[in-house]
Amino acid sequence: MSQQNEQSSVTVIGLGPMGRALAGAFLDAGVRTTVWNRTPGRDRELVERGAISVGSPEEAVAASGLTVVCVVNYDAVDGILRRDAVTAALKGRTVVNLTADTPHRAREAAQWAAEHGVRYLDGAIMTPTVTIGTPAGVFIYSGPADLYDEHRPVLDALSGTHTHLGEKICRAAAYDIALLDIFWTAMAGYNHALAVARAEGITARELAPFAQGIGAILPAIFEGVAEEVDDENFSDEGSPLTSTASTMAHVIHTSEAHGIDAGVMRAAEGLARQAIGRGYGGEGFHRVAELLGRR
């Protein structure tokens with residue numbers, strides 16, 4: 001295959017819901033797309049749309065200068081790419097790993113790639129499958145900047161926003177973990193709130209508009225807290241930890257009065273009480289970020 005053809009082609013390994021969305025977006029953008037999946041049959045619709053299906057992962061990675069991997073975790077990545085034939089076929093080629101896992105695993109993957117002559121970028125997808133191929137998609141990457149710039153034209157075929165976070169290979173995974181932390185704790189809180197509201201005779205639909213109001217004030221709070229944490233300014237006369245812990249206790253008591261588990265809020269209250277016990281009762285809840293970060 002000529003260098004020009006390799007630069008306008010891509011291989012997608014992993015055809016779960018997200019992998020199929022990635023391959024479909026590449027196809028829609030006119031990029032020559034080769035696909036492979038451990039479980040046969042998931043490529044049928046993609047092949048009908050013009051994808052090239054191959055019988056082995058080594059054939060798949062050899063078909064393009066760029067391979068995008070999106071599987072369940074890095075154990076699955078290792079099980080595919082670390083086969084001798086696949087590793088040999090990847091030498092001198094680029095892997096963009098969009099599989100979600102931990103920063104530690106990202107570092108391990110990059111070390112393996114360097115030892116075997118594989119060019120490597122780590123990455124993460126921060127939006128659901130329905131956003132892929134639309135302006136709403138959000139992709140983050142970390143690793144060598146020149147490698148990212150080289151393959152940016154093909155990655156741009158996925159549409160959306162693409163951000164290179166720096167050369168430190170684990171930065172994309174670290175952002176992913178931190179942002180998932182926000183999302184899933186928020187979703188746990190929302191679902192817990194719905195349970196408490198329903199126990200008090202309030203339907204989820206009735207609560208939702210007010211919950212959206214809470215969500216609307218968060219962006220400004222996030223920005224302000226971030227500045228204060230970075231500046232180590234934890235004062236908050238308007239909402240000190242002593243007041244915060246009291247409101248948390250109200251949620252706990254109401255929940256448990258209805259037999260609803262309040263473990264998440266009890267954990268949050270416990271952090272507030274720890275901070276108060278260390279003499280920070282007059283400061284804001286963001287003091288907890290500093291306490292948790294102590295080693």
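The values are calculated or read from the model by the stated rules, or taken from the named source; none is laboratory data. Keep in mind it's a predicted model, so treat the numbers as computed, not measured. Positions of Cβ are generated from backbone atoms using ideal geometry, with glycine treated the same way; all protein chains shown enter the neighbour counts.
Observations
Let's see how each residue does on (1) under 21 Å from ALA157 (Cα atoms); (2) without any contact (Cβ under 8 Å) to a residue 24 or more places away in the chain; (3) outside any helix (DSSP H, G or I):
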site	(1), (2), (3)
ALA21	yes, no, no
ALA25	yes, no, no
VAL35	yes, no, yes
GLY41	no, yes, yes
GLU45	yes, no, no
GLY55	no, yes, yes
GLU58	no, no, no
VAL71	yes, no, yes
ILE80	no, no, no
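- Some residue of the range 194-213 being under 23 Å from LEU179 (Cα atoms), in contact with a Ser or Thr (Cβ under 8 Å, 6 or more places away or on another chain) and either surrounded by 12 or more Cβ atoms within 10 Å (Cβ to Cβ) or not small (Gly, Ala, Ser) (or both): no
- Screening the candidates ARG266, ARG273, ARG294 for the property of being out of contact with any Lys or Arg (no Cβ under 9 Å at 6 or more places or on another chain), closer than 22 Å to ALA197 by Cβ and of a type in the set (Lys, Arg) yields one hit, ARG266.
- Residue check, SER235 of a type in the set (Ser, Thr, Tyr) and over 24 Å from HIS192 (Cα atoms): yes
- SER53 fulfils the conditions (1) more than 24 Å from ALA124 (Cβ to Cβ); (2) modelled with pLDDT under 95; (3) among the polar types (S, T, N, Q) except for a single criterion, (2).
- Looking only at residues in the range 81-109 that are among the polar types (S, T, N, Q) and more than 20 Å from HIS162 (Cβ to Cβ), the one that is surrounded by the most Cβ atoms within 10 Å (Cβ to Cβ) is THR87.
- So LEU147, is it surrounded by fewer than 21 Cβ atoms within 10 Å (Cβ to Cβ) and either modelled with pLDDT under 95 or hydrophobic (A, V, I, L, M, F, W, C) (or both): yes
- Matching residues in the range 110-120 - criterion: being free of Cβ contacts under 8 Å to residues at least 40 places away in the same chain and either crowded, with 20+ Cβ neighbours inside 10 Å or among the acidic types (Asp, Glu) (or both): ALA113, GLU115, VAL118, ARG119
- Cross-chain or 6+ apart pairs with Cβ under 6 Å, the range 217-231 first and touching a residue at least 60 places away in the same chain (Cβ under 8 Å), then surrounded by 12 or more Cβ atoms within 10 Å (Cβ to Cβ) and not polar (S, T, N, Q): VAL225/HIS286; VAL229/HIS286; VAL229/ALA289
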